[in-house]
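Structure first, then comments.
Please treat every number below as a calculation from the coordinates, not as lab data. Bear in mind that the values here come from a model prediction, so they are computed numbers and not experimental data. All Cβ positions, even for glycine, are placed from backbone atoms using ideal geometry, and neighbour counts span all protein chains on display.
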Ligand code: S3P
């Protein structure tokens, strides 16, 4: 039975300190990199969500053992040749695009055929983006129109590649890097900048990666194939999960929140820069380095004179997972906000550009949407009284969570369906909301 949430009251003013769970991108990368290390790796504060469990089950299916408890997650890697490839092993990536795209790279040396599948939503997402480079490495791939399920067989003699990643996709870049890790010789990637956690993790592990930053382009070279030892890792809080609480606070009255120990990698903090440009009151404190990544405490205060934004396109990949929240803020800002070249939003767990557009129209906000852009006519005086039902979002956790934030800040009566979708990335989202005073049934 799909569970439903009912919200009938805005959140009352609050002043709280919270911790959000570990970063999803880092948790999945830790598991995959540890699975290729020689010996035991340990991570603290790993995210315990469905996507991360899918990653653990995936490496287990390929012969790698792990242990997970409240305090830590241990993985017993067996080096770059350590996976066991039994013929027709089925790997189920569930809802996780990151897991599915990254594991593709690690299957470059699969001696037998592996079948990669996912849930209904993941089976509607494009895999040509990773099939293209993986074929260049020498992988043999069978698929129906580049969608899951896909049959993958590796090669004994992978070839290093020169690849141009044009979408600004960290999943594609990371897939190529993970395959390059198992491929002798120099792989070169020219790419539009995107989140750089994989590169940072490689540097932390002292792997031979070089990154040259040009204006709107990066050149990455990596010399494979070198084994590395098991490692320790501490995973900071997830900025994408924090963002729901940042926006909740900005759009509430007389409230304040302190979010402790969050990853503030520059390739992820587009939302902070955008909201600050819109005059949102957000400050970072206690900035520290943590194993190649930056962390900080985030302080946010309610803001009632938000301004519209003409969002620079170089912010797009830096805030790719936060656009639904940014659209919601734009709907409450004075003036017309414009977002361009955001077609990638249509390729997420659901078509987030259409979802955002429909959500805003539902609550009476005027928009103009094209295939790759949206204009939002903000209305800071909006007062909601009707009943709103959120039903169609293909199990997209972020679409589901943004509806909670709209309900708790804008008023009206809300019925939000399929709330277990949230478990893919943020299982304690609702209990954290309740902890700061939200009334949810
Ligand atoms: C992710 C990259 C992004 C993001 C996803 C996580 C990652 O996808 O949307 O939630 O961990 O590499 P793209 O790289 O496809 O933009």
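Contact order, relative form, for the chain: 19 percent (alpha carbon pairs under 8 Å, 6 or more residues apart, mean separation divided by residue count). Relative to the longest principal axis of the Cα atoms of the chain, helix 239-251 runs at roughly 10 degrees. Computed from Cα atoms, the angle from the helix 352-362 axis to the main principal axis of the chain rounds to 10 degrees. Within the listed set 229, 294, 215, the residue fluctuating most in the Gaussian network model of the chain (springs between alpha-carbon atoms under 10 angstrom) is 215. In terms of surrounding Cβ atoms within a 10 Å radius of their Cβ, 136, 33, 315 rank from fewest to most as 136, 315, 33. Using the alpha carbons alone, the radius of gyration of the chain stands to its Kirkwood radius in an Rg to Rh ratio of 0.96.
Compared with the dominant Cα axis of the chain, that is its longest principal axis, helix 24-35 is turned about 10°.
With springs only between Cα atoms under 10 Å, which of 243, 431, 96 fluctuates most in a Gaussian network model of the chain? Most flexible of the set in this elastic network: 431. Indicate, rounded to the nearest 5 percent, the antiparallel portion of the DSSP beta bridges found entirely in the chain. About 70 percent, rounded to the nearest 5.
Summed over qualifying helices (DSSP H, 4 residues or more, each -39500 (n - 2.57)) and divided by its residue number, the chain shows a 222 nm mean residue ellipticity of -8500 deg cm²/dmol.
Among 384, 32, 353, determine the one that fluctuates most according to a GNM of the chain built with springs between C-alpha atoms less than 10 Å apart. For the chain, modelled as a Gaussian network with Cα springs under 10 Å, the answer is 384.
Taking the number of Cβ atoms within 10 Å of each Cβ as an exposure proxy, the fewest-first ranking of 322, 199 is 199, 322. Taking the DSSP beta bridges with both ends in region 24-223, the antiparallel portion is around 80 percent. Taking the DSSP bridge list for region 315-433 and keeping only pairs wholly inside it, about 60 percent are antiparallel.
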